[in-house]
Every structure is written in C-alpha cells, then in structure tokens.
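Colleague: To start, I am sharing the structure in question, which I have written as structure tokens.
The values are calculated or read from the model by the stated rules, or taken from the named source; none is laboratory data. Because the structure is a prediction, the values reported are computed rather than measured. Here the Cβ positions follow ideal geometry from the backbone for every residue, glycine too, while neighbour counts run over all protein chains shown.
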Amino acid sequence: MPIPYLDRTDAGRQLAEKLRSYAGRPDTIVLALPRGGVPVGFEVARALGMPLDVFVVRKLGVPGHEELAMGAIASGGVRILNESVVRGLRIPEETIEAVTARESIELERRELDYRDGRAARALRGVTCILVDDGLATGSTMRAAVEALRRQEACRIVVAVPIASREVCEDFAREVDEIVCAETPVNLYAVGEWYIDFSQVSDVQVRELLARAGKEQWQPQ
C-alpha cells in the first residue's frame, strides 16, 4: 500500500493543490477539525491565502470501545447519532446522554482554550472549507456539516487528504463539494496513510491558530 503523506503538514500542502479554484476568495474560510485537522488546515489556508479557524467536534465513543463512534457533537448543540451502531449494540438512551454530557464539557473547554479569547467567526453567507486529516466513518464531519447548515453557511466544502471511496461518495450527496485527495476502496485506519501520525497537542493547535491570526497570507 502506498504511503502518500510524510505528516499532516505534507498532507495539507498536497490537499491545497486540489483546492486551487478557491485561492484568494474573500468570502471563504478554512475550518479545521481539531486536533489532527489543524496542521492540515493551516497549510491549506496559507496556500490559498485565506483565514483559518477551528470548528470543534467531539466523537461520542462507545463506552469501553471509545474508538468506535456511536455519534458526534458539534458547536451549536448539534448531535448526530450513528443509528446502526446504536441499534446494533443496543446502547441505552441514558448511556448516550451521559457520554454526550461529558463530551459537551470537553467541547466547550476546547473552544475557549483554542481561540484564547478570540470570538468565533460569523459563518452566515460564507463558503466554508471543512478540513480534517482523514475520514474513517465520517461521524464527526457529519456533525460539523449539520452545524454549519444551522449557521447558514452559503456553501460547504469537505476537504481531506484521505477517505474511503464509500465515505467520499456518501459526502458527495451531503455537501456542495467533497475533495478527497486519496480514496482507497478499503480504509482500515487513517494513520496508515501517514509516515508520521503523531498526536497533535492542544499547545500545537493554539500556536497554529495564533500564527494564522497574525500572518497576512497571499495565495501561493
């Protein structure tokens, strides 16, 4: 299996090449899903000459098997459930509510921490490019898409370096545009497509967002 990306920085630079048609547009913003999507989104925003912000989404992991998503939540009180997982594992409503409450606290903490007092940007009438380091099930990205719809974004573009072909095709029916740089038929783990898939820290997220806020970028 080929390994197309050295790390998230390399992935972001390659992904930006697929988004050249958006370069320099004044009504467009890059929204990165933390944490892993932020280094990718930083490179996309810098290459296209546009602002960068985070869009915080939290996976709702199945208790005892947290890597398996039973849904996700996003800013604005949006919750998306993976009904097939919920039904298949017979997850009770009280468990879903408990996990949602816990993750909502973490979502709020991250929103305050990452922006360091900066207000979230108004997204009504804005073209939003949602970036992550890859899509496995797509649960967290779907929550972000629904939250942007509620905020009345005028156009929603999902852009990722890697996603399974099936997930990419699903999103093509859900958003205005989907850009998947690599679309293998079988995607077992996003990290398999990176040589360096080290965890991104909160400190790194804050530093990249602060740099993006200070630097005046022109399309490359």
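To keep it simple, each residue is scored yes or no on (1) buried (at least 16 other Cβ atoms within 10 Å of the Cβ); (2) closer than 13 Å to Leu130 by Cα; (3) basic (Lys, Arg).
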| position | (1), (2), (3) |
| --- | --- |
| Val38 | yes, yes, no |
| Phe42 | yes, yes, no |
| Gly49 | yes, no, no |
| Leu52 | yes, yes, no |
| Glu66 | no, no, no |
| Gly88 | no, no, no |
| Ala101 | no, no, no |
| Ser104 | no, no, no |
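Colleague: Regarding the stretch 132-140, can at least one residue be identified that is over 16 Å from the mean Cα position of the chain (by Cα) and among the polar types (S, T, N, Q)? Explain how you work it out, then say what you get.
Modeller: Quick first cut of the stretch 132-140, residues over 16 Å from the mean Cα position of the chain (by Cα) only: none.
There is no residue in the stretch 132-140 that is over 16 Å from the mean Cα position of the chain (by Cα) and among the polar types (S, T, N, Q).
Colleague: Would you mind listing the strands (runs of 3 or more DSSP E) fully within the stretch 40-84 where at least 2 residues are β-branched (Val, Ile, Thr) and either modelled with pLDDT of 90 or more or under 17 Å from the mean Cα position of the chain (by Cα) (or both)?
Modeller: Because the criterion is at least 2 residues that are β-branched (Val, Ile, Thr) and either modelled with pLDDT of 90 or more or under 17 Å from the mean Cα position of the chain (by Cα) (or both), the strands (runs of 3 or more DSSP E) in the stretch 40-84 that meet it are 57-62, 78-81.
Colleague: What number goes with the only condition from (1) over 17 Å from Leu130 (Cβ atoms); (2) polar (S, T, N, Q); (3) surrounded by 21 or more Cβ atoms within 10 Å (Cβ to Cβ) that Thr28 does not pass?
Modeller: Every listed condition holds for Thr28 apart from (1).
Colleague: Separate question: Please pick out the residue among Glu108, Glu94, Glu83 that is surrounded by fewer than 18 Cβ atoms within 10 Å (Cβ to Cβ), within 30 Å of Arg206 (Cβ to Cβ) and out of contact with any helix residue (DSSP H, G or I) (no Cβ under 9 Å at 6 or more places or on another chain).
Modeller: Glu108
Colleague: Just name the residue that is surrounded by the most Cβ atoms within 10 Å (Cβ to Cβ) out of those in the stretch 130-141 that are out of contact with any Phe, Trp or Tyr (no Cβ under 8 Å at 6 or more places or on another chain) and outside any loop (DSSP other than H, G, I, E, B).
Modeller: Val131
Colleague: Out of (1) at pLDDT below 90; (2) surrounded by fewer than 23 Cβ atoms within 10 Å (Cβ to Cβ), what's the single condition that is false for Thr127?
Modeller: The failed condition is (1).
Colleague: Another question, then. Looking at the stretch 149-164 only, could you name the residues that are touching a Gly at 6+ places or on another chain (Cβ under 9 Å), outside any loop (DSSP other than H, G, I, E, B) and surrounded by fewer than 24 Cβ atoms within 10 Å (Cβ to Cβ)?
Modeller: Arg150
Colleague: Further question: Picking from Val145, Val205, Val167, Val179, which residue would you name as being modelled with pLDDT of 90 or more, surrounded by 15 or more Cβ atoms within 10 Å (Cβ to Cβ) and not in a helix (DSSP H, G or I)?
Modeller: Val179
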